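Undergrad: Below you'll find the structure I mean.
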Amino acid sequence: MKILVLNGPNLNMLGIREPEIYGDRNYTALVSYIQEAAQELGCEVDVRQSNHEGVLVDWIQEAYGKFDGIVINPAAYTHTSIAILDALKSVGIPTVEVHISDVSQREDFRQISYAGRACIKTYMGLGLEGYRQAILYLKAYLENKYITGEEVLNVLSLVAHKSKLLKDSVVVLDGFTGFTPVQN
Ligand code: DQA
């Protein structure tokens, strides 16, 4: 199972950057942490970081047909980038969003996540551990051990739709043809 791990702008400054928010471990430590977690979980990872939105879009596009899953921390682009959202939707690769800090408890401008709309799961506020959780989740998801809330809703609405069709066909067909709902 091949997983692409993408990190957005300023994550290369971990350890120096606002340690009270992001901790004191640097980016090299993050990469080692992810690689060790992946090895433990039996996954192959390619960990990359860029400060440039277009580079992240290129990497997402290039992942098509090459990676089974993506873990992404789009950093500040989380809150601004429709291009990254569109790229994730274009390739349709199952993606998990990670934030080191708990963005839900921070400034208003961090309350929107565009990329998150294309993700099957988000981990935030767990520090580096969030990346391990994300790989674990993706692995289970790709092995079909998880079913998302959205998938449950899709199945339920399909059942509801079908049963309405069935009900309507009883009304229509019973009067004219005598077909039973089962034949319909
Ligand atoms: C971040 C949260 C973002 O709001 C911020 O712009 C980052 C890092 C995080 O990992 O907590 O750069 O994605």
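The values are calculated or read from the model by the stated rules, or taken from the named source; none is laboratory data. Bear in mind that the values here come from a model prediction, so they are computed numbers and not experimental data. Don't worry about glycine lacking a Cβ; one is built from the backbone with ideal geometry, like all the others, and counts go over all protein chains shown. All accessible areas refer to the heavy atoms of the entire protein, side chains included, with ligands and DNA or RNA removed. Shrake-Rupley method; radii C 1.70, N 1.55, O 1.52, S 1.80 Å.
Undergrad: Pick from HIS161, HIS52, HIS79: which residue has the top mean-square fluctuation in a GNM of the chain where Cα pairs under 10 Å get a spring?
TA: In this elastic network of the chain, the residue with the biggest mean-square fluctuation among HIS161, HIS52, HIS79 is HIS161.
Undergrad: What's the carbon and sulfur percent of the chain's accessible surface, probe 1.4 angstrom, rounded to a whole number?
TA: After summing per-atom areas, the C and S share lands at 53 percent.
Undergrad: Excluding GLY15 itself, what net charge comes from residues whose Cβ is under 9 Å from its Cβ, given Lys and Arg +1 and Asp and Glu -1?
TA: +1
Undergrad: Further, regarding this structure: Only Cα pairs under 8 Å and at least 6 apart count here; give the relative contact order of the chain as a rounded whole percent.
TA: Contact order relative to length: 20 percent.
Undergrad: What do you get for the angle between helix 82-91 and the principal long axis of the chain? Use alpha-carbon atoms, 0 to 90 degrees, nearest ten.
TA: Between helix and principal axis, roughly 60 degrees.
Undergrad: How large is the convex hull of the Cα atoms of the chain per residue, expressed in Å³ as a whole number?
TA: 145
Undergrad: What angle, in degrees between 0 and 90 and rounded to the nearest 10, separates the Cα long axis of helix 149-176 from the longest principal axis of the Cα atoms of the chain?
TA: Its long axis makes an angle of about 10 degrees.
Undergrad: Tilt of helix 53-62 relative to the longest C-alpha principal axis of the chain, in degrees (0 to 90, nearest 10)?
TA: Roughly 50 degrees, rounded to the nearest 10.
Undergrad: Count neighbours as other Cβ atoms within 10 Å of each site's Cβ, and list the chymotrypsin sites (Phe, Trp or Tyr not before Pro) in the range 1-102 that are DSSP loop with at most 12 such neighbours.
TA: Within the range 1-102, the qualifying chymotrypsin sites (Phe, Trp or Tyr not before Pro) (loop, at most 12 other Cβ atoms within 10 Å) are TYR64.
Undergrad: Within the chain, which is the longest segment that contains none of the GluC sites (Glu not before Pro) sitting in a DSSP loop with at most 11 other Cβ atoms within 10 Å?
TA: 1-106
Undergrad: Here is a further query. May I ask you to give the solvent-accessible area per residue for the chain, in square angstrom, as obtained with a 1.4 angstrom probe?
TA: Per residue, the chain has an accessible area of 56 Å².
Undergrad: Now a separate question. GNM, the chain, Cα, under 10 Å: largest mean-square fluctuation among ASP68, ASP58, ASP108?
TA: Of ASP68, ASP58, ASP108, the most mobile in the Gaussian network model is ASP108.
Undergrad: Separate question: Once amide H atoms are built 1.01 Å from N in the peptide plane, which residues 5 or more positions from VAL45, or in another chain, come under 5 Å H to H?
TA: Sorted by chain and number, the residues that satisfy this are ILE3.
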